[in-house]
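Okay, structure first, notes after.
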Amino acid sequence: MSLLNYTLRIGDSSLILAQRLAEWCTNGPTLEEDIALTNISLDLFGQANGFLEYAATLDGVKTADDFAFKRNENQYYNFLITEIENGHFGDTIIRQFLFSAYLYLFFQKLATSKDEVLSALAAKSLKEIKYHLKHCSSWVIRLGDGTNESNEKIQSSINKIWEYTGELFELDQIEKDLVKKEIAVNREALKFEWDQIINTTLNQAKLMRPKDQVMKTGGSKGIHTKHLELLLKEMQFIPRKYPDAKW
Amino acid sequence: MKETTNVWEVFIQSKNGLAHKHAGNVHADDKEMALQNARDLYTRRNEGSCIWVVKSTDIVSSESEDSESFFDPANDKLYRHPTFYNLPEGAKHI
């Protein structure tokens, strides 16, 4: 059961962030960036699909679609950072940058998991995440080291989103037990390298790293911000209105 | 999109060893952005193994008014085609 829960945690974060990014489709600041953001979204949907398919195998009854579309808000275990609203382009870039840096380190470690499916899914995702991180880092630097206005805007983005980063490095008992079995990643231990990636890029971008404050948490327990409810309403609309509709 | 944003021409090499082919263009403010935009627009379906981008303004093109003097003289010089040679076996991309 705990392996199923762990797999859902990973899949849910990719799924919810993919759905968020999909909102940029036709709304991107330029045609090129519109496609870049939706490419990232599609990558994340693909990753979510892999993990939710595995969850379905572990569950034995529910399908990946059931997991994606037929749960209530408090049954999703994604990190809160993946569900917050897109805001302006700078907000989206900062969120994606902070999360991609985390995911890059996370999948590197998960690729060595004793669970062969998790490790294969992680290895496959890693290449995609590496590009996401590169793309977002160049935007952080471009906007941070751009004009006064772009610097101020993106500085306020990072100040605003920072409180969602603490959760990325928190472990509860379920994960601690799986870490002992060398299945799960010890996310606490990723913090040091994550700090290095973030600090290097922020320095280059002439941005200030916000002070650690009280961090928001709850995703892994199914406790979410008010933003998730609306996102799910839209994402689940078709499957709820037309149950088991086929393409 | 700012007025100062450049247009860049995109050339994609589909396989190592083959020539880069013109694929289209992208808008970008710097070369890194141009390369990433080209990657995101033109290699989504496995088209590429290498990308070149070059600012459109850096490309020198022949003018259509010169086309007679540039190209017509080659019309009647059949002997310039290498059709009189036997190709060695195994030679590719000729």
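The values are calculated or read from the model by the stated rules, or taken from the named source; none is laboratory data. Small disclaimer: the values here were computed from a predicted structure and weren't measured. With ideal geometry, Cβ positions are generated from the backbone for all residues, glycine too; neighbour counts draw on all protein chains shown. Just the protein is used for accessible areas: all its heavy atoms, side chains included, with ligands, DNA and RNA removed. Shrake-Rupley method; radii C 1.70, N 1.55, O 1.52, S 1.80 Å.
Modelled this way, with points 7 Å down the Cα-to-C-beta line, the labels at A:Ala123 and A:Gln236 are 3.6 nm from one another. Taking the C-alpha atoms only, the angle from helix B:31-42 to the longest principal axis of chain B is near 70 degrees.
Peptide packing: for B:14-22, B:80-88, A:52-60, A:33-41, the average count of neighbouring Cβ atoms within 10 Å per residue gives the ranking A:33-41, A:52-60, B:14-22, B:80-88, highest mean first. Segment B:42-94 and segment A:207-247 have Cα centres lying 53 Å from one another. The label-point distance for B:Asn75 and A:Lys70, in a model that sets each label 7 Å from Cα toward Cβ, rounds to 7.2 nm. When +1 charges are put on Lys and Arg Cβ atoms and -1 charges on Asp and Glu Cβ atoms, the dipole computed for the protein assembly as shown relative to its Cα centre reaches about 1040 debye. Between A:Thr200 and A:Asp177, what's the calculated FRET efficiency when r is the beta-carbon distance and R0 is 41 Å? Round to 0.05. Taking R0 as 41 Å, the efficiency between A:Thr200 and A:Asp177 is 0.75. Quick one: if the Förster radius is 30 Å, what FRET efficiency do A:Lys191 and A:Glu229 give, using the C-beta to C-beta distance and rounding to 0.05? It comes out at approximately 0.50. Residues of segment B:28-77 whose accessible area, computed with a 1.4 Å probe over protein heavy atoms, drops by at least 10 Å² once all protein chains are present relative to their chain alone are B:Asp30, B:Glu32, B:Met33, B:Gln36, B:Asn37, B:Arg39, B:Asp40, B:Leu41, B:Arg44.
Under the criterion of Cα pairs below 8 Å and six or more residues apart, the relative contact order for segment A:63-219 equals 31 percent.
Per-residue 3J(HN,Hα) values for segment B:5-18, derived from phi via the Karplus relation 6.51 cos²θ - 1.76 cosθ + 1.60 with θ = phi - 60°, read 4, 8, 9, 10, 8, 10, 10, 10, 9, 7, 9, 3, x, 8 Hz in sequence order (x marks Gly and Pro).
The listed residues B:Lys55, A:Lys109, A:Lys130, A:Lys246 rank as A:Lys246, A:Lys130, A:Lys109, B:Lys55 when sorted by accessible area, largest first, using a 1.4 Å probe. Over all other residues within a Cβ to Cβ distance under 12 Å of A:Phe45, the charged ones net out to -1, with Lys and Arg as +1 and Asp and Glu as -1.
Segment A:68-91 and segment A:46-66 have Cα centres lying 18 Å from one another.
Averaged over the residues of peptide A:124-135, the number of Cβ atoms from other protein chains lying within 10 Å of each residue's Cβ is 1. When A:Phe67, A:Phe89 are compared by accessible surface with a 1.4 Å probe, the order from highest to lowest is A:Phe89, A:Phe67. So how tilted is helix A:2-22 from the main axis of chain A? Cα-based, degrees 0 to 90, rounded to 10. The two axes meet at around 50 degrees.
So what is the relative contact order for segment B:1-49, in percent, with contacts set as C-alpha pairs under 8 Å and at least six apart?
Working: 62 pairs, mean separation 18.9, N = 49.
RCO, segment B:1-49: 39 percent.
Taking segment A:124-210 as the region of interest, the number of lysine pairs whose Cα atoms are within less than 20 Å, with members eight or more places apart or on different chains, is 9. If a spin label sat at a point 7 angstrom from the Cα of A:Lys134 along the line to its beta carbon, the backbone N atoms of segment B:26-56 nearer than 17 Å would be those of B:30-54. Ignoring aspartates and glutamates fewer than eight residues from A:Lys62 along the same chain, the ones with Cα atoms less than 18 angstrom from its Cα are A:Asp12, A:Glu53, A:Glu73, A:Asp244.
Once C-alpha pairs closer than 8 Å and six or more residues apart are averaged by separation and normalised to the residue number of chain B, the relative contact order reads 28 percent.
Quick one: dipole size for segment A:89-247, taken about the Cα centre, charges +1 on Lys/Arg Cβ and -1 on Asp/Glu Cβ, in debye to the nearest 20. Don't jump to the answer; show the numbers that get you there.
Numbers: 25 positive and 21 negative charges, 61 e Å.
Magnitude of the dipole: close to 300 debye.
Using a probe of 1.4 Å on the protein chains alone, the accessible area found for A:Glu85 is around 110 Å².
Could you sort B:65-78, A:197-210 so that the peptide with the highest average Cβ count within 10 Å comes first and the rest follow in order? Working shown, then result.
On the way: B:65-78: 8.9, A:197-210: 16.0.
Order by mean packing, descending: A:197-210, B:65-78.
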